[in-house]
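Working notes, structure below.
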Amino acid sequence: MKIEGRTFIVSGGASGLGRATTLDLYAKGASIAILDLNSDLASQVIASTSADRVRFFQTDVTNSEQVAANVKLAAEWSAETKNPLGGIVAAAGIGNPALTYGRQGPVDLDGFKFVIDINLIGTVDVVRNGLEYLTKVQPEGEDGERGVIIMVASAAAYEGQSGQLAYAASKGGVVSMTLPMARDLSKYGIRVVTLAPSMFDSPMTEKMPPKVKESLTRSMEFPKRPGKPHEFSQVAIACIESTMINGEVIRLDGASRMPARL
Ligand SMILES: NC(=O)c1ccc[n+]([C@@H]2O[C@H](COP(=O)([O-])OP(=O)(O)OC[C@H]3O[C@@H](n4cnc5c(N)ncnc54)[C@H](O)[C@@H]3O)[C@@H](O)[C@H]2O)c1
């Protein structure tokens, strides 16, 4: 699908992997509606682009009314500017490690739900609200394609480390939604792809203790380093552009398999 002249909704688009995707979509001539909590980081993205083609809608993806209202505003902006919606990149996410059973006793259920609410339910909510509009854009090309959904899982969906109970559950949910969602949306000419990175440089991994980062880097085969945000967005862009990629989860991990403990 051609990216130029289309509008993409990017949740978590103010930072890290979402931000790199925003900037690369922008460089390809797209308009981007960033849905994110963090207005400071979003302002930096706006400052380095153009307000004509990048807008920020402050959104907490766990607040369903806010998600619906801001996705609607983004869709109205795309209609006004005649840059039809072309897809949704659901990249908002958090870590929040906790042991299943530790010194404090069993895992705190509110903490567990917090991660699921953002990473899994927040992803579904942004996507389902966006579909209200994406299913109605004019199909294009010989295949009648309308758009692409990119979701973000993690290598932790497959090899969740000790302490990643909630995170692994949330990302496993995203992995498992990929095929049924692609099947559901095929009749609308909408594809679904999930990217599952291992360790990438971003504000999220900056907070990790050096010991943890070193252990994860050691688990990389090649290249032996964390991924760079642009290496994530390169694949996101390829998935949007290449019509045969659908219903698939792609690991971006330098052939690493994460160790049990960090
Ligand atoms: N960086 C990695 O190593 C890595 C590895 C695997 C998966 N991931 C996944 O990639 C995605 C992006 O992560 P990142 O590394 O860029 O992290 P990041 O912290 O740099 O970016 C996450 C963004 O999500 C936003 N966000 C958090 N909670 C939100 C909420 N409730 N509502 C709206 N926005 C919210 C933050 O404000 C931030 O802009 C996440 O889903 C993360 O789980 C990252």
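A few comments on the model shown:
- Conditions (1) surrounded by 15 or more Cβ atoms within 10 Å (Cβ to Cβ); (2) outside any loop (DSSP other than H, G, I, E, B); number of the one not met by ILE245: (2)
- Taken over the range 1-21, the criterion of being within 13 Å of the ligand (Cβ to nearest atom) and among the polar types (S, T, N, Q) is satisfied by SER11, SER15, THR21.
- Residue within the range 52-73 that is touching an Asp or Glu at 6+ places or on another chain (Cβ under 9 Å), more than 13 Å from the ligand (Cβ to nearest atom) and at pLDDT 95 or above present: yes
- Candidates SER215, SER233, SER242, filtered to the one that is within 17 Å of SER154 (Cβ to Cβ) and either β-branched (Val, Ile, Thr) or modelled with pLDDT of 95 or more (or both): SER233
- Contact map, the range 202-219: first residue of a type in the set (A, V, I, L, M), second residue away from the ligand (no atom under 11 Å from the Cβ) and in a loop (DSSP other than H, G, I, E, B), Cβ cut-off under 7 Å, separation 6 or more or different chains; pairs are VAL212/LEU262; LEU216/LEU262.
- Elements of type helices (runs of 4 or more DSSP H) contained in the range 86-202, each with 2 or more residues being more than 16 Å from the ligand (Cβ to nearest atom) and crowded, with 21+ Cβ neighbours inside 10 Å: 122-134, 165-185
- When ASP36, ASP24 are checked against the criterion of being within 12 Å of the ligand (Cβ to nearest atom), modelled with pLDDT of 95 or more and within 15 Å of the chain's Cα centre (by Cα), a single residue qualifies: ASP36.
- Among (1) part of a loop (DSSP other than H, G, I, E, B); (2) in contact with a helix residue (DSSP H, G or I) (Cβ under 6 Å, 6 or more places away or on another chain) - the single one PHE232 does not satisfy: (1)
- Tally of residues being without any contact (Cβ under 8 Å) to a residue 60 or more places away in the chain and either out of contact with any Gly (no Cβ under 9 Å at 6 or more places or on another chain) or charged (D, E, K, R) (or both) across the range 89-113: 12
- Checked against (1) in contact (Cβ under 8 Å) with a residue 60 or more places away in the chain; (2) under 19 Å from LYS113 (Cβ atoms); (3) aliphatic (A, V, I, L, M), LEU37 meets all criteria but (1).
The values are calculated or read from the model by the stated rules, or taken from the named source; none is laboratory data. Computed from a predicted model, the values in this text were never measured in an experiment. For neighbour counting, all protein chains shown are included, and Cβ atoms are generated from backbone atoms with ideal geometry for every residue, glycine included.
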